[in-house]
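Q: A single structure is presented below for examination.
The values are calculated or read from the model by the stated rules, or taken from the named source; none is laboratory data. Note that the coordinates shown come from a computational prediction; the quantities given were computed from them, not determined experimentally. Quick reminder, even Gly has a Cβ in these numbers, built from the backbone with ideal geometry, and neighbours come from all protein chains shown.
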């Protein structure tokens, strides 16, 4: 299991396709055929990780756009990216 850190570089995995649905995103993992749906904030994060991005920069961008405590934002992003990782939707570039 890859350990996430604030300096981890995360990007969408190769075997994943997604499409925007108004303010949400639908994701399909081609490896296992499972669909996922994201709410507007999750969709924003998903769109930001289409290109490799450092978790710290991701936290910064979300905090700029939304009125959220930085520590809470960081915890929520770690949780979401951890779920993406567990489900094979993203990979960590070292």
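Q: Scan region 83-91 and tell me whether some residue there is within 10 Å of the chain's Cα centre (by Cα), modelled with pLDDT of 95 or more and surrounded by fewer than 16 Cβ atoms within 10 Å (Cβ to Cβ).
A: yes
Q: Right, next: Among the residues of region 24-59, write down those that are within 16 Å of residue 4 (Cβ to Cβ) and either without any contact (Cβ under 8 Å) to a residue 24 or more places away in the chain or surrounded by fewer than 16 Cβ atoms within 10 Å (Cβ to Cβ) (or both).
A: Listed by number, the residues that qualify are 48, 52, 54, 56, 57.
Q: Among the residues of region 34-79, write down those that are in contact with a strand residue (DSSP E or B) (Cβ under 7 Å, 6 or more places away or on another chain) and outside any helix (DSSP H, G or I).
A: If the condition is that a residue be in contact with a strand residue (DSSP E or B) (Cβ under 7 Å, 6 or more places away or on another chain) and outside any helix (DSSP H, G or I), then 35, 36, 37, 38, 39, 49, 50, 51, 52, 53, 54 are the ones that fit.
Q: Residues of region 1-16 being within 25 Å of residue 65 (Cα to Cα) and surrounded by fewer than 13 Cβ atoms within 10 Å (Cβ to Cβ), which ones?
A: 5, 7
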